[in-house]
Amino acid sequence: MEKPWIREALLYEKLENKKVRCNVCERKCTIGEGKTGFCKTRKNIDGKLHTLVYGDISSISANPIEKKPLFHFWPGSVALTVGTWSCNFTCPWCQNYSISKVPPNPEKANYISPEKFVEMVGKYGCQGTSISFDEPTLLFEWSLDVFKLARERGFYNTFVTNGYMTVDALKMLINAGLDALNVDIKGCKDEVLRFCGANVEYVWRNCIEAKRLGAHIEITTLIVTGVNDDLECLRSIARRIVKDLGENTPWHITRYYPAYKYHAPPPKVEFLEKVRKIGLEEGLNYVYLGNVPGHPWENTYCPNCGELLIKRYIFDVVKFNLTEKNECPKCGEKIPIVGKYVKRSIIDKFKSFLI
C-alpha cells in the first residue's frame, strides 16, 4: 500500500452524483467528489469516502492516566497517548490548537501502524492506550484496529473526547475494546452551539449510551471565562450528571488558560471552589479541580467519612490509601475504582521525556 494512512473509511453512505455522507460524527457531512468534510480528515475520492489520517500521528507520549484526567480508572498507570490533526469542533480557546486547528497533510504523514503502536505500549511499560490531544474520533478506523490488538495483549483503551460521535461509531468503538472515556461537557446548549458549533444533547446522549454499554465515564468541564462561567448553567450540568450518569461519576472542574483566539483571563481558583461546592450540593460524590497544582481538591476523599484516600500532585499519585477491595480503610465505604492501583517508579514518571 503506497500510502497506508489513506484508505476507505467506515460508516458512510453513498448518495447521488458520487456524493457521500459521513456517519462517524453527528455533523454527518455530505461531501462532494474531491472534497473533504468539516474536519478535513475525510475525503471523497471517486465516490468513496476515505480517511486521510489512518495512523497519521501528530503527537505521542506516555502519559499518566491522571492527565486525561481519569481519576477512577487504573490509578497510577501510564497510557501511551497519541493524536492526529484537526477537529470537528470550533472552540476558539483550544488548548491544543497547534494540532487541532491544522488540517492533515497526506504528503507528509507520520504513519504508525496499529501493530507497531501496540508493540510500543509494551515496550515502554505502559498499561494501556489513549487517543487524545485532538478529537480521537478522527482516528476512528485506526482506533478500532488498535483497540482489538491492545485488548488481546491485556492493555486497556481510553478516549479523551468531545463526545460528538454517532451512536453507531460509539458502539463499534466499545465493541472493539474501548474501556473508558473522559468526555468534555463544554457548557450548556446555547454556549456549545455558539462557540463549538455543536448540539450538546448528542454529547449527553453518548455519555448515557457509553455507560449503558459498560464503559467507564468521567466528565470534564473546562471553565472558560465569559463562556460557561454561569453558576446556574454549571449547577444544571452537575444536576444532569447525577440524573443521567449517577452520583459516583467523577466531575473534573478544570481551569482554562488563554490560548488560540481567546484571551480572557483564567477563572479565579475561588470560583472553581464554588463550582465544586455546587457539584456536591447537587449530590455528586467526587468533584475535582484541575489545572490548580497542589490544591486539596485534586485528591479523592471518602464521601462517607471524609478520609483522604488518594493524594495527588498534578498527575502523580502521592499516596494510595484504599484496601485491596477499593474500600475506605476507616469506614469500609466502597469506592468506585476500575482496575487496580499501579505504583509508578521514578523512571515511569518521566517516560514522556523518553519517547
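Derivation of every value follows stated rules applied to the coordinates shown; laboratory data play no part. No experiment lies behind these values; they were computed from the predicted model shown. Here the Cβ is made from the backbone with ideal geometry for all residues, glycine too, and neighbour counts use every protein chain on show.
I want the antiparallel fraction of DSSP beta bridges within the chain, as a percent rounded to 5.
Of the beta bridges lying entirely in the chain, close to 50 percent run antiparallel.
Sort the following peptides by mean Cβ neighbour count (other Cβ atoms within 10 Å, averaged over residues), highest first: 297-306, 125-134, 139-148.
Order by mean packing, descending: 125-134, 139-148, 297-306.
Would you mind checking which residues have amide H under 5 Å from residue 216's amide H? H placed 1.01 Å from N; only 5 or more apart, or other chain.
The answer is 180, 181.
Can you list the HN-Hα couplings for the range 246-255, worked out from phi with the Karplus curve (6.51, -1.76, 1.60; θ = phi - 60°), rounded to whole Hz and with x for Gly and Pro?
Taking θ as phi minus 60°, the curve returns x, 5, 8, 6, x, 10, 9, 9, 10, 7 Hz for the range 246-255.
For a test of the definition: using alpha carbon positions, the gyration tensor, and the 1.5 limit on a/c, classify the range 114-268 as rounded, prolate or oblate.
Verdict is prolate for the range 114-268.
So what are the ³J(HN,Hα) numbers for the range 336-341, from phi and the Karplus equation (6.51, -1.76, 1.60; θ = phi - 60°), rounded to whole Hz, Gly and Pro as x?
Using θ = phi - 60°, the values come out as x, 10, 9, x, 10, 6 Hz.
If we restrict to alpha carbons, what Rg and Dmax does the chain come to, in Å?
That works out to 20.0, 68 Å for Rg and Dmax.
Rounded, prolate or oblate: which one fits the range 299-340, using the alpha carbon gyration tensor with axes a ≥ b ≥ c (rounded when a/c is under 1.5, else prolate when a/b beats b/c, else oblate)?
Here the range 299-340 falls in the oblate category.
Report, to the nearest 10°, how far helix 114-123 tilts away from the longest principal axis of the Cα atoms in the chain, using its own Cα long axis and a range of 0 to 90°.
Helix 114-123 sits at roughly 30 degrees to that axis.
Hey, what do the phi angles of the range 54-66 turn into as Karplus ³J(HN,Hα) couplings, whole Hz, using 6.51/-1.76/1.60 and θ = phi - 60°, x for Gly and Pro?
Here the 3J(HN,Hα) series is 5, x, 7, 9, 8, 8, 8, 7, 8, 10, x, 4, 5 Hz.
In terms of modelled amide H atoms, which long-range or inter-chain residues lie less than 5 Å from the amide H of residue 338?
Residues meeting the amide H criterion: 73, 74.
Highest first, please rank the peptides 14-22, 75-83 by the mean number of other Cβ atoms sitting within 10 Å of their residues.
The packing order, highest mean first, is 75-83, 14-22.
Please build a GNM for the chain, connecting alpha carbons under 10 Å apart, and tell me which residue among 162, 182, 321 fluctuates the most.
Residue with maximal mean-square fluctuation among 162, 182, 321: 321.
On a 0 to 90 degree scale, rounded to 10, what angle separates helix 167-176 from the longest Cα axis of the chain?
Value to nearest ten degrees: 70.
Relative to the longest principal axis of the chain, what angle (0 to 90°, nearest 10) does the C-alpha long axis of helix 231-240 take?
80 degrees
Determine one quarter of the surface area of the Cα convex hull of the range 7-51, which equals its mean projected area, and express it in nm² to one decimal.
2.5 nm²
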